[in-house]
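A.B. asks: For reference, the structure I am asking about is given below.
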Amino acid sequence: MSPVIAFVGLGHMGGPMAANLVKAGHRVVGHDLVPDAVDAAVAAGVEAAPSAVAAAADADVVVTMLPAGRHVLALYQDEGLLAAARPGTLFVDCSTIDVADARAAHEAAVAAGHLAVDAPVSGGVMGAEAGTLTFMVGGDEAAFARAEPLLAAMGKKAVHCGAAGAGQAAKICNNMILGVSMIAVSEAFVLGESLGLSHQALYDVASTASGQCWALSVNCPVPGPVPGSPANRDYLPGFAAPLMAKDLGLAANAVRAGGVDAELGLRAAELYAAFAEGGGAAEDFSGIVRAIRERSGPQLADDQRNQRS
Ligand code: NAD
């Protein structure tokens with residue numbers, strides 16, 4: 001029989017993910033603190049529960065999609081989700097949270113007699129809606145095996161990365177590469193501008209040479225060379241800068257906790273925190289090229305306008 005799923009956190013990501021579980025034929029009982037989020041989920045076939053605890057009480061699986069680790073831990077422990085669930089319930093946390101918090105949540109779930117995985121995602125809201133997310137999963141083999149069919153209803157790929165916390169570890173390591181490489185690509189374009197090199201010429205060389213990377217060839221931070229990149233729609237996200245800042249902040253916590261010598265990762269976290277709090281609050285993370293250009297002086301801003309005209 002198809003498992004009953006409790007889904008807590010029906011926001012930008014959780015709402016469409018819950019809807020895809022309904023489409024796959026599951027009974028989904030959902031809860032969110034925001035009434036509009038609940039209404040949208042109900043319209044997609046989710047049953048509304050009066051509280052997270054009520055949703056979990058009769059469920060076989062509890063999925064959470066929440067802002068940060070403190071929300072997950074508070075819900076699991078202080079608000080009594082683990083205590084309310086039947087022993088042997090599978091807890092799947094899809095939120096992007098601190099590795100240490102993910103391990104603590106896992107330990108608490110197992111101590112309460114449950115199975116648990118951390119299963120953060122990449123693919124954004126569009127991936128959540130289309131059911132094409134990639135899940136990075138941490139937890140033991142038995143928990144992963146139980147989670148896999150549900151993850152398949154919400155995504156195109158689930159990679160079992162290792163023990164508890166390994167999914168979060170994979171996510172922040174990947175996004176540290178992405179944040180650092182986007183800054184490197186942006187700095188190279190601004191340096192090219194200062195040297196009189198056109199965006200197209202740099203793109204044509206670097207995208208087929210050793211500078212090639214996703215930040216350049218898919219999410220190119222300057223308009224023109226890659227028509228689908230957010231730079232061509234005035235940096236409308238895409239992957240919003242505050243989410244990149246959040247993920248780099250989590251990576252920086254892990255870098256410091258582990259005593260890792262990751263100078264670029266830590267600097268990228270600082271640069272994205274400043275960008276997300278300033279001009280980049282509503283922009284794609286590739287918009288950081290504009291901040292780099294602005295800090296490089298008025299002459300470059302003029303050159304850039306000339307390249308666009
Ligand atoms: P969101 O703010 O839209 O949704 C989070 C929801 O959780 C909100 O609706 C909020 O009301 C609800 N919530 C918080 N505490 C709750 C509680 N105690 N009980 C019930 N509901 C509660 O955020 P989002 O964009 O959906 O992101 C969710 C997670 O996914 C975050 O950890 C984020 O980092 C991660 N993520 C987001 C994206 C993206 O593109 N948005 C991409 C990858 C990963």
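The values are calculated or read from the model by the stated rules, or taken from the named source; none is laboratory data. Since the model is a prediction, treat every value here as computed from it, not as a measurement. Neighbour counts run over all protein chains shown; Cβ positions are idealised from the backbone, glycine included. To get the accessible areas, we keep the full protein, side chains included, count just its heavy atoms, and leave off ligands, DNA and RNA. Shrake-Rupley method; radii C 1.70, N 1.55, O 1.52, S 1.80 Å.
A.B. asks: Which numbered condition in (1) farther than 15 Å from GLY167 by Cα; (2) in contact (Cβ under 8 Å) with a residue 60 or more places away in the chain is the only one that VAL99 fails?
C.D. replies: The single condition VAL99 does not satisfy is (1).
A.B. asks: While we're looking at this one, here's another question. Of everything in the stretch 108-126 that's over 20 Å from ALA145 (Cβ atoms) and outside any strand (DSSP E or B), which residue is farthest from the ligand (Cβ to nearest atom)? Let's see the steps before the verdict.
C.D. replies: Within the stretch 108-126, the subset over 20 Å from ALA145 (Cβ atoms) is 108, 111-112, 122-126.
Add one more test, that the residue is outside any strand (DSSP E or B), and what stays is 108, 111-112, 123-126.
Values: ALA108: 16, ALA111: 21, ALA112: 18, GLY123: 7, GLY124: 4, VAL125: 5, MET126: 8 Å.
Ranking the qualifying residues of the stretch 108-126, first place goes to ALA111.
A.B. asks: Looking at the stretch 74-96, which of its residues are in contact (Cβ under 8 Å) with a residue 40 or more places away in the chain and either in a strand (DSSP E or B) or closer than 24 Å to ALA158 by Cα (or both)?
C.D. replies: LEU90, VAL92, CYS94, SER95, THR96 - these are the residues of the stretch 74-96 that are in contact (Cβ under 8 Å) with a residue 40 or more places away in the chain and either in a strand (DSSP E or B) or closer than 24 Å to ALA158 by Cα (or both).
A.B. asks: Give the residue that is surrounded by the fewest Cβ atoms within 10 Å (Cβ to Cβ), with candidates limited to residues of the stretch 208-250 that are within 13 Å of the ligand (Cβ to nearest atom), small (Gly, Ala, Ser) and more than 12 Å from ASP284 (Cβ to Cβ).
C.D. replies: This residue is GLY249.
A.B. asks: Do the conditions hold for VAL34, that is, is it within 13 Å of the ligand (Cβ to nearest atom), hydrophobic (A, V, I, L, M, F, W, C) and surrounded by 24 or more Cβ atoms within 10 Å (Cβ to Cβ)? Write out each step before concluding.
C.D. replies: Working: within 13 Å of the ligand (Cβ to nearest atom): yes; hydrophobic (A, V, I, L, M, F, W, C): yes; surrounded by 24 or more Cβ atoms within 10 Å (Cβ to Cβ): no.
For VAL34, the condition - within 13 Å of the ligand (Cβ to nearest atom), hydrophobic (A, V, I, L, M, F, W, C) and surrounded by 24 or more Cβ atoms within 10 Å (Cβ to Cβ) - is not met.
A.B. asks: For the stretch 148-179: of the residues being part of a helix (DSSP H, G or I) and open to solvent by 40 Å² or more (accessible area, probe 1.4 Å), which is nearest to GLY124 (Cα to Cα)?
C.D. replies: In the first step, residues of the stretch 148-179 are kept if they are part of a helix (DSSP H, G or I); the result is 148-154, 166-179.
Those left that are additionally open to solvent by 40 Å² or more (accessible area, probe 1.4 Å): 148-149, 152, 173-174, 176-177.
Details: GLU148: 20, PRO149: 20, ALA152: 16, CYS173: 17, ASN174: 15, MET176: 17, ILE177: 17 Å.
Within the stretch 148-179, the match that is nearest to GLY124 (Cα to Cα) is ASN174.
A.B. asks: Hey, VAL46 hits all of (1) more than 9 Å from the ligand (Cβ to nearest atom); (2) closer than 23 Å to HIS114 by Cα; (3) buried (at least 19 other Cβ atoms within 10 Å of the Cβ) but one; which does it fall short on?
C.D. replies: Of everything listed in (1) more than 9 Å from the ligand (Cβ to nearest atom); (2) closer than 23 Å to HIS114 by Cα; (3) buried (at least 19 other Cβ atoms within 10 Å of the Cβ), VAL46 misses just condition (2).
A.B. asks: What do you reckon, is GLY179 more than 30 Å from MET17 (Cα to Cα) and not assigned by TED's automatic domain parsing to the domain that holds LEU21?
C.D. replies: Against the criterion (more than 30 Å from MET17 (Cα to Cα) and not assigned by TED's automatic domain parsing to the domain that holds LEU21), GLY179 does not qualify.
A.B. asks: Right, something else. Please go through the stretch 193-229 and pick out each residue that is within 19 Å of GLU294 (Cα to Cα) and either part of a helix (DSSP H, G or I) or outside the structural domain of GLY278 (by TED's automatic domain parsing) (or both).
C.D. replies: Restricting attention to the stretch 193-229, the residues satisfying the condition of being within 19 Å of GLU294 (Cα to Cα) are 193-199, 220-223.
Of everything in the stretch 193-229, those that are within 19 Å of GLU294 (Cα to Cα) and either part of a helix (DSSP H, G or I) or outside the structural domain of GLY278 (by TED's automatic domain parsing) (or both) turn out to be GLU193, SER194, HIS199.
A.B. asks: Looking at (1) in contact with a Leu (Cβ under 8 Å, 6 or more places away or on another chain); (2) more than 19 Å from GLN168 (Cβ to Cβ), can you tell me which one GLY80 breaks?
C.D. replies: Of everything listed in (1) in contact with a Leu (Cβ under 8 Å, 6 or more places away or on another chain); (2) more than 19 Å from GLN168 (Cβ to Cβ), GLY80 misses just condition (1).
A.B. asks: Here's another thing I want to ask about it. Which residue, of ALA254, ALA164, ALA262, ALA169, is away from the ligand (no atom under 16 Å from the Cβ), touching a helix residue (DSSP H, G or I) at 6+ places or on another chain (Cβ under 6 Å), closer than 19 Å to MET136 by Cα and touching a residue at least 12 places away in the same chain (Cβ under 8 Å)?
C.D. replies: Sole residue among the options that is away from the ligand (no atom under 16 Å from the Cβ), touching a helix residue (DSSP H, G or I) at 6+ places or on another chain (Cβ under 6 Å), closer than 19 Å to MET136 by Cα and touching a residue at least 12 places away in the same chain (Cβ under 8 Å): ALA164.
A.B. asks: Look at the stretch 276-301 and say how many of its residues are under 18 Å from the mean Cα position of the chain (by Cα), without any contact (Cβ under 8 Å) to a residue 60 or more places away in the chain and open to solvent by less than 40 Å² (accessible area, probe 1.4 Å).
C.D. replies: Within the stretch 276-301, residues that are under 18 Å from the mean Cα position of the chain (by Cα), without any contact (Cβ under 8 Å) to a residue 60 or more places away in the chain and open to solvent by less than 40 Å² (accessible area, probe 1.4 Å) number 3.
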